[in-house]
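Read through the structure below, which is laid out as structure tokens, and then see the notes.
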Amino acid sequence: MSGHVLAITGLAIDAGGTRLLDDVSLTIAPGERVGLIGESGSGKSITSLAIMGLLPRSLHASGSIRLAGVPHDVVGASEEELSRVRGRDVAMVFQEPLTALNPTMRVGDQVAEAMTIHGTQPSRSAARARAVELLDAVRLPDPANLARAYPHQLSGGQRQRVVLAIALANDPALLICDEPTTALDVTVQAQVLDLVVRGVESRDAALLFITHDLAVVATVCESVAVMYAGRIVEAGPVEEVFRRPRHRYTQGLLAACDLAVDPATGRLRTIAGSVPPAGELPDGCVFRTRCWKATDECRTTPPWTVEGGGPSDPEGLAARGFACHHPARSETVV
């Protein structure tokens with residue numbers, strides 16, 4: 001593991017003869033907070049499910065996913081082996097808490113269950129007492145009484161805090177959050193994000209935060225990985241990637257976050273089209289059909305070798321001056 005909490009190497013996921021994820025590699029150090037960004041269909045959520053060992057049986061994974069403290073690889077592990085890992089070494093906060101909570105169980109019992117399953121509390125009564133403490137830690141009002149409530153009796157923000165309490169119950173080394181604030185209003189979103197950061201910081205845990213919101217990544221994370229069409233196209237410190245992006249897709253995402261009008265069109269900047277479906281990727285650079293500076297050479301050259309970077313942009317919107325070196329030639333396409 002070389003000091004990493006998570007080490008993904010050459011991860012590929014196939015559905016029949018269709019490749020959904022290809023050659024994904026990513027490492028996260030203890031205490032590091034990493035954002036994983038990209039449009040819908042880029043492969044973010046399926047990456048998180050692979051880490052958790054929750055891929056549907058119809059999908060086949062290859063490559064390697066190693067977690068600190070876990071003697072076996074996640075890829076190829078049995079369900080029995082994975083069940084000992086999930087919730088103890090790695091935990092996840094999903095986008096929709098209603099799908100993660102059992103509607104027939106009181107929320108306090110669900111938090112306690114996460115600890116009794118893994119034996120991290122000496123008794124059921126100790127687990128129930130600790131559950132109330134965890135509900136208090138995520139700032140739920142009157143946690144002792146709220147522990148007796150059912151999920152449908154809580155607001156969306158309260159349910160998401162319960163899910164966070166469950167995820168943090170066993171002090172996992174890695175917490176994965178998959179769009180955890182999408183369905184929340186702005187005020188509640190800020191509160192939940194603060195709780196996530198405080199939760200991992202107090203445990204010196206690592207965080208993989210999946211989101212569409214680049215502003216959230218800039219606030220919550222130290223590093224960022226940009227995913228497109230099943231591959232990570234760029235990764236690095238948040239400040240470096242957002243100020244000096246090297247890949248045209250990253251530039252497009254940053255430009256789309258800028259509410260300034262494009263003087264050439266009089267409209268807000270966008271990336272034309274959408275992520276191509278798996279199995280229907282164009283030859284050469286898969287981003288070329290949406291890239292505003294694509295050339296004929298992009299039809300035959302793989303897109304993943306990107307060198308250099310744009311000029312310094314103090315506002316972090318660097319959607320101009322991008323330089324991309326095709327590996328097949330020496331000059332720069334600007």
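Within region 5-13, is even one residue of a type outside the set (A, V, I, L, M, F, W, C) and either more than 16 Å from Ala235 (Cα to Cα) or buried (at least 21 other Cβ atoms within 10 Å of the Cβ) (or both)?
Taking region 5-13 first, the residues of a type outside the set (A, V, I, L, M, F, W, C) are 9-10.
If we keep only those that are either more than 16 Å from Ala235 (Cα to Cα) or buried (at least 21 other Cβ atoms within 10 Å of the Cβ) (or both) too, we end up with none.
No, because not a single residue in region 5-13 is of a type outside the set (A, V, I, L, M, F, W, C) and either more than 16 Å from Ala235 (Cα to Cα) or buried (at least 21 other Cβ atoms within 10 Å of the Cβ) (or both).
As an exercise: evaluate Glu179 against (1) on the phi > 0 side of the Ramachandran plot; (2) crowded, with 22+ Cβ neighbours inside 10 Å and give the number of the one condition it does not meet.
The single condition Glu179 does not satisfy is (2).
Quick one: is Ile28 buried (at least 21 other Cβ atoms within 10 Å of the Cβ), closer than 30 Å to Asp204 by Cβ and in contact with a His (Cβ under 7 Å, 6 or more places away or on another chain)? Break it down into steps so the answer makes sense when it comes.
On the way: buried (at least 21 other Cβ atoms within 10 Å of the Cβ): yes; closer than 30 Å to Asp204 by Cβ: yes; in contact with a His (Cβ under 7 Å, 6 or more places away or on another chain): yes.
In short, yes.
Hey, among the residues in region 133-163 that are crowded, with 16+ Cβ neighbours inside 10 Å and over 21 Å from Pro103 (Cβ atoms), which one's farthest from the chain's Cα centre (by Cα)?
Asp136
Using the structure shown, decide if Ala173 is surrounded by fewer than 16 Cβ atoms within 10 Å (Cβ to Cβ) and within 26 Å of Ile37 (Cα to Cα). Let's see the steps before the verdict.
Values: surrounded by fewer than 16 Cβ atoms within 10 Å (Cβ to Cβ): no; within 26 Å of Ile37 (Cα to Cα): yes.
In short, no.
Quick one: count up the residues across region 166-192 that are within 14 Å of the chain's Cα centre (by Cα) and not hydroxyl-bearing (Ser, Thr, Tyr). Don't jump to the end; show me each part of the working.
From region 166-192, those within 14 Å of the chain's Cα centre (by Cα) are 174-182; that's our starting set.
Checking which are not hydroxyl-bearing (Ser, Thr, Tyr) leaves us with 174-180.
Residues flagged as within 14 Å of the chain's Cα centre (by Cα) and not hydroxyl-bearing (Ser, Thr, Tyr) within region 166-192 amount to 7.
Looking at the structure I just gave you, is Ser78 surrounded by fewer than 20 Cβ atoms within 10 Å (Cβ to Cβ), modelled with pLDDT of 95 or more and farther than 26 Å from Thr219 by Cα?
yes
Of (1) of a type outside the set (Phe, Trp, Tyr); (2) in contact with a strand residue (DSSP E or B) (Cβ under 6 Å, 6 or more places away or on another chain); (3) in contact (Cβ under 8 Å) with a residue 40 or more places away in the chain; (4) surrounded by 19 or more Cβ atoms within 10 Å (Cβ to Cβ), Pro245 satisfies all except one. Which?
Condition (2) is where Pro245 drops out.
Inside region 11-120, counting only helices (runs of 4 or more DSSP H) that do not spill past its ends, which hold 3 or more residues that are within 22 Å of the chain's Cα centre (by Cα)?
Values: elements: 44-52, 79-85, 97-100, 107-118.
Ranges flagged: 44-52, 79-85, 97-100.
Would you pick out the residues in region 1-10 that are touching a strand residue (DSSP E or B) at 6+ places or on another chain (Cβ under 6 Å) and not in a strand (DSSP E or B)?
Narrowing region 1-10 to residues touching a strand residue (DSSP E or B) at 6+ places or on another chain (Cβ under 6 Å): 1, 4-10.
Met1, His4, Val5 - these are the residues of region 1-10 that are touching a strand residue (DSSP E or B) at 6+ places or on another chain (Cβ under 6 Å) and not in a strand (DSSP E or B).
The values are calculated or read from the model by the stated rules, or taken from the named source; none is laboratory data. Predicted model, so just to flag it, every value in this text is computed and none were measured. Counting neighbours? That spans all protein chains shown, and the Cβs are built from the backbone with ideal geometry, glycine included.
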